[in-house]
Amino acid sequence: MRIAIIDKDRCQPRKCTYECQRFCPKVRTGDETVIIGNDRKPVISEELCVGCGICIKKCPFDAIMIIQLSEELRERETHRYGANGFALYGLPIPQEGRVTGILGQNGIGKTTAIRILAGDLKPNLGGENPPWDEIISHYRGSELQEYMRRISRGEIRVAQKPQHIDLIASMGGDVHELFPDEREVNELASRLDIDHILDRRVADLSGGELQRVAIAMCISKDADFYFFDEITPYLDIHQRIKAAKLIREISKESTVVIVEHDLAILDLLADAVHIAYGAPGGYGVIAHPKGVRVGINEYLRGFLPEENIRIRPEEIKFEVHAPRAQKEIFVLAQFDGFMKRYPEFTLDIEGGEVRRGEVMGIVGPNAIGKTTFAKILAGLIKPDVGSIDLDLKISYKPQYIKRERDIRVDKFLRSITERFGSSYYNTEIVRPLQLERLLDQNMADLSGGELQRVAIAACLSREADLYILDEPSAHLDVEQRALATKMIRRFAENNDVSVMIVDHDIYMIDLLSDRLMVFEGEPSVKGNALGPFEMREGMNCFLKKVEITFRRDEESKRPRVNKLGSKLDREQKAKGEYYYQEL
Ligand code: ADP
Ligand code: ADP
Ligand code: SF4
């Protein structure tokens with residue numbers, strides 16, 4: 001089976017000469033393999049196309065994909081966004097009393113699948129608006145049949161937590177106005193530590209506060225089906241775990257489906273996962289459900305044995321031991337202690353040093369002064385006691401990235417660096433961050449994950465000695481996190497520059513950092529920094545504070561959160577071994 005996908009946003013027939021049609025060998029022999037539709041855009045016949053791939057290369061806007069698929073998928077077609085549109089195969093099976101996760105790249109159809117389950121989008125099975133009877137009988141013999149019947153009758157009450165929490169920020173008003181039933185929200189608010197912000201204005205909330213308000217809004221609804229599209233962005237590890245526990249609780253009496261890219265949290269939260277694979281923007285297949293441990297392991301390995309499908313050429317691997325020998329150390333700069341006082345918050349930092357070619361991880365709870373520290377190093381704000389004059393050029397990527405700029409991505413990056421367009425730039429920045437297809441898009445139209453990758457590129461494009469990236473993992477999928485990790489490490493080594501990464505994704509911190517700085521104190525009141533430590537000491541120091549231990553999965557060696565108070569948790573705490581195994 002072959003499908004042809006035309007990205008309608010990229011296709012610009014007014015600026016081309018219909019190369020797709022002119023060069024198609026089948027058209028040349030008189031077939032109607034490519035015709036021009038009413039919207040002046042081409043329509044490629046999947047029956048007549050022989051898959052030569054010439055149009056893919058000839059289209060000046062990279063708008064075409066021709067994909068060969070296994071014949072078995074034909075039966076599993078769930079939805080097609082029109083002729084030559086994205087195709088979704090399979091569907092997740094929501095299960096009452098359980099949390100079902102969907103794990104897959106961005107653009108692979110996860111939201112489409114959810115919209116179908118939520119009754120937002122009627123599936124067309126690849127045809128033209130089939131009646132519900134046909135849809136229901138298509139799922140005959142599967143758990144989805146009854147579910148579809150209930151959707152068709154409008155019997156499913158749905159609550160959703162959207163990925164884009166800025167939509168809530170734009171609603172205005174005070175936080176408590178978002179919750180019609182105040183009585184019920186009190187317990188929820190205290191479980192999520194947002195009780196003190198209920199009287200604040202929604203527009204004044206930080207990203208982490210907004211995320212928790214969004215989670216609470218979804219949970220507070222009386223529904224049968226709860227869907228959470230990413231819960232972790234902007235939350236610290238404590239907040240992530242608390243939110244995960246709460247969601248597990250509501251799943252006991254309802255059905256929960258989540259999309260989550262922080263694998264440590266997905267592992268805690270879900271009972272089963274559906275791996276979604278395919279070609280982003282082209283097609284997506286929702287695989288059959290697997291237990292969460294096995295599913296995540298297969299995903300990391302990049303191979304699904306039951307389906308006999310490789311979804312990625314390489315495995316994503318973890319170190320069991322902390323990196324041992326330090327590289328030769330060149331100190332790039334040293335700084336003396338300093339303090340910063342806001343009316344309600346004090347940051348107290350002892351002196352430290354920045355090493356050349358090193359990636360330093362920075363961890364700690366939210367509102368403990370990490371961003372303030374980064375901004376002071378970057379010279380964006382001044383300390384009140386002590387001074388900082390690093391004589392270093394610093395490039396800084398903030399945690400929250402504003403999206404309102406009305407400028408094309410390539411123009412934006414070109415305005416930052418003269419290297420834009422060079423083969424160096426393409427190899428080091430554009431390709432590993434998968435920016436090729438974003439370059440001709442407008443910054444204002446990018447999704448969260450796309451904007452994040454452009455912001456990482458922009459930060460690394462500036463000439464600097466020290467690069468500070470605040471939460472680069474937010475909105476990136478697992479693949480993109482792994483690619484960004486590799487590329488940031490290589491960037492530091494190849495250019496002999498230093499990088500500091502503030503992040504809450506423990507997997508990303510583990511894969512990325514040479515050393516670790518740990519912030520502690522009392523959130524929103526005072527903060528100070530410990531370290532920098534070697535990785536093992538640093539992880540122990542950090543995780544001891546949050547009282548979380550990790551064991552290793554025997555097969556993939558990936559870290560898994562131990563249940564609080566379990567035998568392993570107690571043993572590891574007694575040994576003081578919270579993350580890496582003893583050397
Ligand atoms: P994910 O949630 O995995 O990021 P989505 O389900 O949002 O993926 O989107 C999958 C693909 O479907 C996208 O590449 C997009 O191009 C396409 N798509 C989504 N919504 C529509 C729509 N309303 N019309 C046409 N194509 C769409
Ligand atoms: P983190 O990055 O660890 O989440 P931040 O450095 O952003 O923490 O903030 C630490 C504390 O300082 C928070 O309580 C925050 O409200 C407060 N704070 C940050 N910037 C300002 C400011 N410009 N004015 C007053 N308080 C601030
Ligand atoms: Fe032109 Fe490419 Fe669109 Fe064909 S697919 S009409 S070549 S822009």
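Can you report the number of residues in region 148-189 which are open to solvent by less than 30 Å² (accessible area, probe 1.4 Å) and more than 27 Å from the chain's Cα centre (by Cα)?
6
Would you check which residues across region 518-536 are open to solvent by 10 Å² or more (accessible area, probe 1.4 Å) and on the phi < 0 side of the Ramachandran plot and list them? So that I can check it myself, show each step before the final result.
Taking region 518-536 as the starting set, the residues that turn out to be open to solvent by 10 Å² or more (accessible area, probe 1.4 Å) are 520-526, 528-534, 536.
Hits for region 518-536 are GLU520, GLU522, PRO523, VAL525, LYS526, ASN528, ALA529, LEU530, PRO532, PHE533, GLU534, ARG536.
From PHE23, PHE86, which residue is of a type in the set (A, V, I, L, M, F, W, C) and either open to solvent by 60 Å² or more (accessible area, probe 1.4 Å) or at pLDDT below 95 (or both)?
Details: PHE86 fails: either open to solvent by 60 Å² or more (accessible area, probe 1.4 Å) or at pLDDT below 95 (or both).
Only one candidate qualifies: PHE23.
Tally time: how many residues in region 554-583 are exposed (fewer than 13 other Cβ atoms within 10 Å of the Cβ) and in contact with a helix residue (DSSP H, G or I) (Cβ under 7 Å, 6 or more places away or on another chain)?
Counting residues in region 554-583 that are exposed (fewer than 13 other Cβ atoms within 10 Å of the Cβ) and in contact with a helix residue (DSSP H, G or I) (Cβ under 7 Å, 6 or more places away or on another chain) gives 3.
Pull up region 333-352, narrow it to residues that are free of Cβ contacts under 8 Å to residues at least 24 places away in the same chain and more than 16 Å from ligand 2 (Cβ to nearest atom), then point me to the one that is nearest to LYS526 (Cα to Cα).
GLY351
Which of the residues spanning region 538-551 are open to solvent by less than 30 Å² (accessible area, probe 1.4 Å) and within 24 Å of the chain's Cα centre (by Cα)?
MET539, PHE542, LEU543, VAL546, ILE548, THR549, PHE550
With the structure loaded, tell me whether LEU125 is more than 26 Å from GLU479 (Cα to Cα) and outside the structural domain of ALA482 (by TED's automatic domain parsing) or whether it fails that test. I'd like the intermediate steps shown before the answer.
On the way: more than 26 Å from GLU479 (Cα to Cα): yes; outside the structural domain of ALA482 (by TED's automatic domain parsing): yes.
The answer is yes for LEU125.
Any residue at all in region 38-55 that is surrounded by fewer than 17 Cβ atoms within 10 Å (Cβ to Cβ), part of a loop (DSSP other than H, G, I, E, B), among the β-branched types (Val, Ile, Thr) and more than 16 Å from ligand 2 (Cβ to nearest atom)?
Yes, there is a match, as at least one residue in region 38-55 is surrounded by fewer than 17 Cβ atoms within 10 Å (Cβ to Cβ), part of a loop (DSSP other than H, G, I, E, B), among the β-branched types (Val, Ile, Thr) and more than 16 Å from ligand 2 (Cβ to nearest atom).
Of all helices (runs of 4 or more DSSP H) completely enclosed by region 491-579, which ones contain at least 1 residues that are of a type in the set (S, T, N, Q)?
Values: elements: 506-512, 535-546, 567-575.
Helices (runs of 4 or more DSSP H) meeting the threshold: 535-546, 567-575.
Quick check on my filter: what residues within region 364-399 are closer than 24 Å to VAL430 by Cβ and not polar (S, T, N, Q)?
First, pick out the residues of region 364-399 that are closer than 24 Å to VAL430 by Cβ: 393-399.
Matches in region 364-399: LYS393, ILE394, TYR396, LYS397, PRO398.
Of all residues in region 1-23, how many are in contact with an Asp or Glu (Cβ under 8 Å, 6 or more places away or on another chain) and more than 16 Å from ligand 1 (Cβ to nearest atom)?
Qualifying residue count for the region: 2.
The values are calculated or read from the model by the stated rules, or taken from the named source; none is laboratory data. Because the structure is a prediction, the values reported are computed rather than measured. Positions of Cβ are generated from backbone atoms using ideal geometry, with glycine treated the same way; all protein chains shown enter the neighbour counts. The protein model used for the area step is the full one, side chains on, heavy atoms only, and it has no ligands, DNA or RNA in it. Shrake-Rupley method; radii C 1.70, N 1.55, O 1.52, S 1.80 Å.
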